[in-house]
Amino acid sequence: MLLSLRSRIHETFVRWALRVRPPEMAPIVLVQRRVYVLPTRAGLAYAAALGVILLGAMNYNLSLGHALVFLLAGLGIVAILHTFRNLVMLSISPGRCTPVFADDLAQFNLVLENQRPDARTSLRLFVADEDPVEVDIAPSAKTIAPIKVAARRRGWLPIPRITIETTWPLGLVRAWSYAVPDLNCLVYPKPAAKAPPLPWQGESARGSTRDGRGTDDFSGLRAHQVADPPRHVAWKAVARQQDGPLLTKLFSGATTQELWLDWDALPNSMDSEQRLSVLTRWMLDADSAGLAWGLRLPSIRLEPDNGPAQLAAGLRAMALYGNGAQ
Amino acid sequence: MARSNRPVSRRQAWWLLASALAASLPLIPQIPTWLVFAAGCAFALRAALTWRQWHLPPRWLLVLLVIAGTVGVFLQYRTIMGRTPGIALLVVFLALKLLELRAARDAVATALLCYFLVLGQFLFTQTIPTALLAALTIVVTTATLLAAADDRPHPQLQLRRSGLMLAQALPFMLLMFLLFPRVEGPLWGLPQDRFSAVSGLSDSMSPGSIAQLSQSDAIAFRVQFKGDVPPQSQLYWRGPVMPAFDGRSWRVTKKRGTYSKVPYKEIGTPVDYELTLEPHGQFWLFALELPGTLPPESSLTSDYQPVARQAVRNRMRYTQRAWPDASAGIDESPSILEEALALPANGNPRTRAIGAGWRAQHGDDSAAILAAAENLFLQQLLIYTLNPPLMGADMVDDFLFDSKRGFCEHFAAAFVYVLRSAGVPARVVAGYQGGEVNPVDGYLVVRQYDAHAWTEAWIAGRGWVRIDPTAISAPSRINSNFAAAVPAGETLPFLARGDLAWLKELRNRLDAVTNGWNQWVLGYNPQRQRDLLASLGLKEPDWRSMTAALSVLCGGVLLGLTAWILRNRLRVDPALAAWRRFTARMAKRGIAWRPWEGPLDFAERAATYAPDRAATYAPDRAGSIREIAGLYARLRYGPAPDATDLKLLKAKIAAFTP
């Protein structure tokens, strides 16, 4: 009860503190009024210690005791300024975010820019209860803070609210701020662990692919891609030009053996997430085998092709299927 | 927070050891030897733990050690309260905390303990060297706090940052020191060990007691006169008055005051001064004769001796006014006169006989008897010496007629005795006579070797009259100083000697610095705070106005420091600044520069744009715009910007009318 009240107050504070409607325009500059400062637990202990020293100095009429307390109190004030300065005017821009599969960790890269000609030290960025990422930024430099968040569901995963805090230099006060950069991570469906074999169209086509991949008509060469099977590398062509790129032999036979990954071909007992999961597995299998494949979803149709672009388009379609956020 | 659970790194452990050493080394003279040894062992163990990266001792062992240390302190002092036991306990805790550095918060706790121990040093001494040593400890401890938060920087860097932050804290310290509303302590009862034995006059005088003081050049008090320093022979600093005599020693009878203001007429010219009294553990306050005002929290005894309500345990400062020409006790009460006539039943037959003879000759004419007594002292050719021979039971007879050698207490005692035996009320007054002006700061410094004893006789119609019998035989004691009056060859305290002028000069300078420190740093109490603020124009300063002034000034410093700390060193390019002035003026005429627009494009647009057909434009307006934009583009985007171009741009913009 108390805890939920606390978290609700905290949430209200954060919403007030952010003021703008997230996500925010890049770059986000942590201007003075959005940086907050409060003492840490160590800072409270420090203040309490000063109180006791002051009492002692008063009781024994120690002038130097007074001076000691006042010097340390001044140090506390100076610490507030230094901590505040360590964070204020930091500029945050969204960086790259590589798509991940559901249940993996999405990594949001934030570009932190220090426009001041002094270093910023021990900045910690974190999301809710995750472990913080600690970064230093050299004078007038940029650095990348990778924020890792568990991707639970397919679709667009917006970066959660980021807390940026620092207690440098004395650890007595904590300056912090919130930011919600405009950064989304595309989350693909989780590939099914067990999936039916690739759905070849018709018996003969499947057979010819299995046995006679090499017997198809040679149709040309193109640059080698990582996913191309090694046996399709044009070794002779490579040997001819020593420093040239690897080339892959293309066979016209692939066009006749169409591999369609079809939503409707899956049994009716599967729900849509299961279907997407199986289709994802097929897509990955087909791609790693260097096969060309097409995709049929109720709303989308991808013509057969192979290569990373085809895979990316397919996975993207699956990630966003039915979300309307395409 | 998760951070406070981080383990303490090796570097942090070294830092903590360094600040613990810095905080506890100055305390070695104050804590028992066994504790010095035990703490040293704990420090060494800490060093070994860090060096070898051994495991920390188990917690139960530390708990046992804490208990053992506390019991040890208790057995040593029979208490764990108070100054010395408290400091000893803190040292125990600090030493054992060093063996328990598990997480970052242990490091913070250890650093805070070190700050506490700095206060501990001040309980014992507050001299300038102590302050410097404490400053060093604070710098190291603050560097330790810095290292506890981030241990990566080089130690030298940590020390520099610590020094920088403390330097930035100094203005706050100064303001708070001056303006924080002071409260006069103690807030609660002080344990007795706060005070240790101090030297000074005691409440009784026996032969040799003042001669003993004359070997000390410790300072009794310092005086700053408002006007000129009165002549040396007027500087009688009245101390305890001793009317009671038991045949050997003279004694104070009135320990409490009866008057809350002076009971005699103020005549002549007053002397105003401020006196800073070193603690002497007695109740009386010294004052130039005759005291005309009373320091706060004090009263006057019936023999005109100011006494404080509490023993003088701390350095004390009060302003005073003296009436050198006043006379007191013209209608003295009979009981006091009776007390001033009392003599033991027998002893000193020769002196008594002389007294009885004067009584028979002059009757009630006290003045004549007084003159006879002074004459006797003159005739006897008494010698003022620090080393009088031992006297027998009849001390006064021995001194006046046999050895004829004595120090001021012999002179005073004999004089009072002879007057009393002639029926004239008289008493011994102890105090200080003279003093020496420190040419460096102009303070008159009165030292223990200026201790003196003189007499007062009561004469009808004139009241109490001061007679200094020492002055009769050794006038130089009064007119110059005590060293001049003592025969050559007698041992004198260093500062009383006339030779070694340069050493004395050095000592004078040091003493002036110490006095300034005492007056303005250590002696900055509620009274001095009020005086200072009043002299700065703060009328009737109370805690409200002080707090207000403190907040305002601290806020000002804070703003200044913030501006300095957050100062943006990205200076705007002067060409851009000039261009902005130009575009702002163009915007007023309805053509605003778009941030994404190149300067030449803007110039083209602006030169051909004339919204207000009725308005007359300068004939070369379009040309000027193009010229300005061209200059600006060259300065901003061209290779190697030229200073003359910048000047030209500024001039063109200044001359331009849109």
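Are any residues in the stretch A:35-52 hydrophobic (A, V, I, L, M, F, W, C), facing chain B (nearest Cβ under 7 Å) and crowded, with 22+ Cβ neighbours inside 10 Å, and if so, which ones?
Answer for the stretch A:35-52, where residues must be hydrophobic (A, V, I, L, M, F, W, C), facing chain B (nearest Cβ under 7 Å) and crowded, with 22+ Cβ neighbours inside 10 Å: just A:Ala42.
Can you tell me how many residues in the stretch A:94-119 are assigned to a strand (DSSP E or B), more than 14 Å from chain B (Cβ to nearest Cβ) and not polar (S, T, N, Q)?
9
Do we have any residue at all in the stretch B:462-474 that's under 24 Å from the mean Cα position of the chain (by Cα), modelled with pLDDT under 85, away from chain A (no Cβ under 14 Å) and not in a helix (DSSP H, G or I)?
Checking the stretch B:462-474: not a single residue is under 24 Å from the mean Cα position of the chain (by Cα), modelled with pLDDT under 85, away from chain A (no Cβ under 14 Å) and not in a helix (DSSP H, G or I).
Report, by residue number, each residue of the stretch B:366-392 that is in a helix (DSSP H, G or I) and crowded, with 18+ Cβ neighbours inside 10 Å.
Within the stretch B:366-392, B:Ser366, B:Ile369, B:Leu370, B:Ala372, B:Ala373, B:Leu376, B:Phe377 meet the criteria.
With surrounded by 19 or more Cβ atoms within 10 Å (Cβ to Cβ), in a helix (DSSP H, G or I), within 7 Å of chain A (Cβ to nearest Cβ) and modelled with pLDDT under 90 as the only criterion, which of B:Leu146, B:Leu166, B:Leu123 stands out?
Answer to the check: B:Leu123.
Quick one: would you say A:Thr143 is facing chain B (nearest Cβ under 8 Å) and of a type in the set (S, T, N, Q)?
No; evaluated as a whole, the condition is false for this residue.
Among the residues of the stretch B:496-520, which ones are surrounded by 14 or more Cβ atoms within 10 Å (Cβ to Cβ), at pLDDT below 85 and within 12 Å of another protein chain (Cβ to nearest Cβ)?
Correct list: B:Asn518, B:Gln519.
Return a yes/no flag: does the stretch A:22-42 have any residue that is in a helix (DSSP H, G or I), at pLDDT 80 or above and within 30 Å of B:Ala109 (Cβ to Cβ).
yes
Is it the case that A:Val173 is among the β-branched types (Val, Ile, Thr), surrounded by 20 or more Cβ atoms within 10 Å (Cβ to Cβ), over 23 Å from A:Val29 (Cβ atoms) and touching a helix residue (DSSP H, G or I) at 6+ places or on another chain (Cβ under 9 Å)?
no
Which residues, counting only those in the stretch A:291-312, are touching a Gly at 6+ places or on another chain (Cβ under 7 Å) and either within 22 Å of A:Arg231 (Cα to Cα) or surrounded by fewer than 18 Cβ atoms within 10 Å (Cβ to Cβ) (or both)?
Passing the criteria: A:Leu302, A:Glu303, A:Pro304, A:Asn306.
Being closer than 24 Å to B:Arg238 by Cβ, assigned to a loop (DSSP other than H, G, I, E, B) and under 47 Å from the mean Cα position of the chain (by Cα), is that true of even one residue in the stretch B:393-409?
Yes, the stretch B:393-409 contains at least one residue that is closer than 24 Å to B:Arg238 by Cβ, assigned to a loop (DSSP other than H, G, I, E, B) and under 47 Å from the mean Cα position of the chain (by Cα).
Would you call A:Gly74 more than 31 Å from the chain's Cα centre (by Cα), in a helix (DSSP H, G or I) and more than 7 Å from chain B (Cβ to nearest Cβ)?
No, not satisfied.
Suppose we filter the stretch A:120-140 for residues that are away from every other protein chain (no Cβ under 13 Å) and outside any strand (DSSP E or B); how many remain?
Adding up the residues that qualify gives 2.
Confirm whether B:Ala534 is surrounded by 13 or more Cβ atoms within 10 Å (Cβ to Cβ), of a type in the set (Gly, Ala, Ser) and not assigned by TED's automatic domain parsing to the domain that holds B:Thr130.
In short, no.
The values are calculated or read from the model by the stated rules, or taken from the named source; none is laboratory data. The structure presented is a predicted model; accordingly, all values stated were derived computationally and were not measured. Glycine also receives a Cβ, built like all others from the backbone with ideal geometry; neighbour counts cover every protein chain displayed.
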